């Protein structure tokens, strides 16, 4: 196991620390456990997250984040970070790290160009002393462990949600369904989702609620309640109070997991090790070939194994376990 950097003990009380996580809903959500670990260890630090506007809502209201910074060099420099930690990777985030003005510029040693980082971070496996593939949440947390945060269990993600019942929610127990993904090979057929939705009504007494972005076509699910183009701040309470989430491997699955909602997530080519639901009772179903080969019956059986009682409400105890079905 590599020696840990002694960075945090060299940072003054109340110093500003910038964390770069530019985009992608799932990646942003899964960076919040790492931020929580840093804030718990050094609550005095002023933590700023560098994030694109369309993903700001992931961090707005997060008690561990003090400010949000637009991904522009002048705004990052104005924050005057002592430490700039790049959790994103890629050319743009590397440039921001270089121009941050930070005394300590940290990033994984696989990031290029390596000369930008005067505080290189080994692989998560090296830091954790593991040979197995690590989850995305563990990967981000490992950076904090290398910077001196004590190694401990990586917590659940955090997505803030307004108190009170969501106006988007039906008047009875419901399941949120997300039938879209970033690529066709990650997208289960709409006809299968419709069959699943009917089964949720008949066998689980749950009202299906289909969600999608402003660019998603929900016409195939018009016989059910649909929510299209809602902002994350509007979706978060809806997700939080759901009895069940079912969807493709995509960002909304990680939002639901942040609330501990039981879920079934369908995987095409993506890695279960890296992207399975984090810290919630879940069934992660990996396709053997095209994702359309996963049958609705298999998904229904997986949902039946989750802790949801006959009235559609969640059971009192949720196991923090993911069952990967191959």
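The values are calculated or read from the model by the stated rules, or taken from the named source; none is laboratory data. Note that the structure is a prediction, hence the values are computed from the model and not measured. Cβ sites come from the backbone with ideal geometry, for glycine too, and all protein chains shown count toward neighbours.
May I ask you to list the residues in segment 51-76 that are assigned to a helix (DSSP H, G or I) and in contact with a strand residue (DSSP E or B) (Cβ under 7 Å, 6 or more places away or on another chain)? First the steps, then the outcome.
Of segment 51-76, the ones assigned to a helix (DSSP H, G or I) are 53-58, 73-76.
Of everything in segment 51-76, those that are assigned to a helix (DSSP H, G or I) and in contact with a strand residue (DSSP E or B) (Cβ under 7 Å, 6 or more places away or on another chain) turn out to be 56, 75, 76.
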Conditions (1) surrounded by 19 or more Cβ atoms within 10 Å (Cβ to Cβ); (2) without any contact (Cβ under 8 Å) to a residue 24 or more places away in the chain -> residue 108 fails only (2)
Looking at 293, 268, can you tell me which residue is more than 15 Å from the chain's Cα centre (by Cα), assigned by TED's automatic domain parsing to the domain that holds residue 196 and without any contact (Cβ under 8 Å) to a residue 24 or more places away in the chain? 293
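Residues checked against (1) closer than 26 Å to residue 298 by Cβ; (2) touching a helix residue (DSSP H, G or I) at 6+ places or on another chain (Cβ under 6 Å):
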{"residue": "124", "(1), (2)": "no, yes"}
{"residue": "130", "(1), (2)": "no, no"}
{"residue": "139", "(1), (2)": "no, yes"}
{"residue": "145", "(1), (2)": "no, yes"}
{"residue": "148", "(1), (2)": "no, yes"}
{"residue": "152", "(1), (2)": "no, no"}
{"residue": "163", "(1), (2)": "no, no"}
{"residue": "168", "(1), (2)": "no, yes"}
{"residue": "184", "(1), (2)": "yes, no"}
Qualifying residues in segment 1-23 (those that are part of a loop (DSSP other than H, G, I, E, B), in contact with a helix residue (DSSP H, G or I) (Cβ under 7 Å, 6 or more places away or on another chain) and at pLDDT 95 or above) - the one nearest to residue 253 (Cα to Cα): 23
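This table checks each residue for (1) over 12 Å from residue 208 (Cβ atoms); (2) buried (at least 23 other Cβ atoms within 10 Å of the Cβ).
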site	(1), (2)
223	no, no
233	yes, no
240	yes, no
243	no, yes
246	no, yes
249	yes, yes
253	yes, yes
256	yes, yes
260	yes, no
The number of residues in segment 77-90 that are assigned to a loop (DSSP other than H, G, I, E, B) and crowded, with 22+ Cβ neighbours inside 10 Å is 3
Looking at (1) surrounded by fewer than 24 Cβ atoms within 10 Å (Cβ to Cβ); (2) touching a residue at least 40 places away in the same chain (Cβ under 8 Å); (3) part of a helix (DSSP H, G or I), which is the only condition residue 133 fails? (3)
Here the residues within segment 146-160 that are farther than 17 Å from residue 27 by Cα and buried (at least 21 other Cβ atoms within 10 Å of the Cβ) are 146, 147
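Residues are listed down the side, and each one gets a yes or a no for (1) surrounded by fewer than 18 Cβ atoms within 10 Å (Cβ to Cβ); (2) over 26 Å from residue 150 (Cα atoms); (3) modelled with pLDDT under 95:
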residue	(1), (2), (3)
30	no, no, no
55	no, yes, no
63	yes, no, no
66	yes, no, no
75	yes, yes, no
92	yes, yes, no
103	yes, no, no
